[in-house]
Amino acid sequence: MHTVEKIGGTSMSRFDEIMDNLLIGDRTGAELYNRVFVVSAYGGMTNLLLEHKKTGEPGVYARFADADSEDAWLGALEEVRERMLAKNAELFEAEYERSAADHFVQERIDDARDCMQSLQRLCTYGHFQLDEHLMKVREMLAAIGEAHSAHNTVLALRARGVNARLVDLTGWHQDAPLSFEDMIRDGFSKVDIDTELAVATGYAHCAEGLMNTYDRGYSEITFAQIAAETSAREAIIHKEYHLSSADPMLVGTDKVVTIGRTNYDVADQLSNLGMEAIHPKAAKSLRRAGVELRIKNAFEPDHGGTLISQDYISDRPCVEIVAGRKDVFGLEVFDQEMLGDVGYDIEITRLLKQLKLYVVNKDSDANSITYYVSGSRKKVNRAARLIEEQYRAAEVNVHNVAIVSAIGSDLKVKGMLARMMSALADADISVQAAHQSIRQVEMQCVVHEDDYSQAVAVLHRALVEREGYDDVISAA
């Protein structure tokens, strides 16, 4: 009857509040247990260890990958050491906890430094190529950040009288990697969930190599596997905000509402738009294990948040969330020779995959196919050139667009799509394309990128806020 709960890096940086709201709060005695926490590195720490997630500014890993000597990355690693020690000083006033936290950091950083120096020297010999080992270095560095925050959390809990146990899944000094499932199983084999509060690292070292597939999205994969492997009653992700009916920054905090209930199908639609409630592969693990997911605001512990389950359907048709994606290009391929050729776009799909352009959606008519892709303008332009080279009769155009969607577990209401079009037209927003599948869990409108913010606000007002919502229900 336990829960498995994940805390992200931004929340971990507000550690005192996390202790008071989540980890301990008003709980005493047995109430403290039957919970497992999976923690990420403190906010900004993984950026220093790898590279900045948004700006691409190089961290230790990026400097090491491009380095000819240790001078290029060693200073960055020492900066990480200083930041981690400063974080320890911020968290712990007592000498015992501070000393234990510092010793842990010093040991891990020293190990990483020695390993990287040895690898760099080894790769001066022609038989050894650095590129073959870089992913292992990336995983090792990421693991330091996760282990740092998990170890500190256990120290802080024990200082408050909680019987906390560190479940270090980073594989530090492990003889040989286990499979992902076996790593989780082995890590929790000796944990008594009834009497111990387990704190696990968000990174799990395994034979498959999580970062090969998920890169920096690995913590949710680990979290979901722990919930599935330990047969959790519920999986909980604590964020800095509620899963709301729209982006409060676009619509207004006074206008949005917490969704409350939805299903994994809706969660997948959000992931497709780049607004992940949970990574789709993590959701798959939870679905298969029959574990429900709850999204909560870490700083409103008494609020129930939003429960996501497999079979939930809203008791009446309605729009649950208005979401969208702005970083989209419409890659339009016009070719009158495609008519009747069902395999026409196979090579195009393969090309987009090779260029790592994410296809959000696509539509077609007799003579054209348009792919709505997310990626850099440089890659999209390259894709256009390669398509024209491959398909000599084709004319390829690139459009700057945005996608705005109305999503809900049940949208089967007459006139819903018409209401969307009417609301956008009334706001003088031109709709360039529209998509609605028979399943009717999502209705998409393609608009010009400059109209994105206004389109979200307009559709939220028309389909979610009270006056528009009442109209939709009465129309049903």
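The values are calculated or read from the model by the stated rules, or taken from the named source; none is laboratory data. Keep in mind that what you see is a predicted model, and the values were worked out from it rather than measured. Glycine gets a Cβ as well: all are built from the backbone with ideal geometry, and neighbour counts include every protein chain shown. To get the accessible areas, we keep the full protein, side chains included, count just its heavy atoms, and leave off ligands, DNA and RNA. Shrake-Rupley method; radii C 1.70, N 1.55, O 1.52, S 1.80 Å.
Annotation note: Cβ proximity below 7 Å between a residue of the stretch 341-370 that is closer than 15 Å to R385 by Cα and a residue that is part of a loop (DSSP other than H, G, I, E, B) (sequence gap 6+ or interchain) occurs for L357/G375. Tell me, which residue of the stretch 47-73 that is surrounded by 12 or more Cβ atoms within 10 Å (Cβ to Cβ) and either of a type in the set (D, E, K, R) or over 16 Å from L134 (Cα atoms) (or both) is modelled with the lowest pLDDT? Among them, the one singled out is E70. Close Cβ contacts (under 6 Å, 6 or more residues apart or on different chains) running from residues in the stretch 277-294 that are farther than 19 Å from H242 by Cβ and open to solvent by less than 10 Å² (accessible area, probe 1.4 Å) to residues that are among the aliphatic types (A, V, I, L, M) and not in a helix (DSSP H, G or I) comprise L286/A235; L286/L293; V291/A232; V291/A235. Among the residues of the stretch 181-209 satisfying the criterion of being over 25 Å from S11 (Cα atoms) and small (G, A, S), which is modelled with the highest pLDDT? So the residue we want is S189. Hey, any hits in the stretch 130-141 for a residue that's open to solvent by less than 10 Å² (accessible area, probe 1.4 Å), closer than 18 Å to Y218 by Cβ, assigned to a helix (DSSP H, G or I) and charged (D, E, K, R)? Yes: the stretch 130-141 contains one or more residues that are open to solvent by less than 10 Å² (accessible area, probe 1.4 Å), closer than 18 Å to Y218 by Cβ, assigned to a helix (DSSP H, G or I) and charged (D, E, K, R). Examine the stretch 66-74 for a residue that is without any contact (Cβ under 8 Å) to a residue 60 or more places away in the chain and under 30 Å from D327 (Cα atoms), and state whether such a residue exists. Yes: the stretch 66-74 contains one or more residues that are without any contact (Cβ under 8 Å) to a residue 60 or more places away in the chain and under 30 Å from D327 (Cα atoms).
Within the stretch 353-378, can you find the residues that are touching a strand residue (DSSP E or B) at 6+ places or on another chain (Cβ under 6 Å) and open to solvent by less than 20 Å² (accessible area, probe 1.4 Å)? If the condition is that a residue be touching a strand residue (DSSP E or B) at 6+ places or on another chain (Cβ under 6 Å) and open to solvent by less than 20 Å² (accessible area, probe 1.4 Å), then L357, V360, S368, I369, T370, Y371, Y372, V373, S374 are the ones that fit.
Selection of helices (runs of 4 or more DSSP H) fully inside the stretch 192-251 by the criterion of at least 2 residues being closer than 30 Å to R138 by Cβ and touching a residue at least 24 places away in the same chain (Cβ under 8 Å) returns 210-214, 218-229.
Scanning the stretch 14-42 for residues that are assigned to a loop (DSSP other than H, G, I, E, B) and either open to solvent by less than 40 Å² (accessible area, probe 1.4 Å) or more than 16 Å from H238 (Cα to Cα) (or both) returns I24, G25, D26, R27, T28, Y33, N34, S40, A41, Y42.
For the stretch 409-432, the set of residues classified as assigned to a loop (DSSP other than H, G, I, E, B), polar (S, T, N, Q) and surrounded by 14 or more Cβ atoms within 10 Å (Cβ to Cβ) consists of S409 only. Taken over the stretch 313-331, the residue count meeting the criterion of being open to solvent by 40 Å² or more (accessible area, probe 1.4 Å) and out of contact with any helix residue (DSSP H, G or I) (no Cβ under 9 Å at 6 or more places or on another chain) is 2. For the stretch 379-408, name all the residues that are of a type in the set (S, T, N, Q) and crowded, with 20+ Cβ neighbours inside 10 Å. Passing the criteria: only S405.
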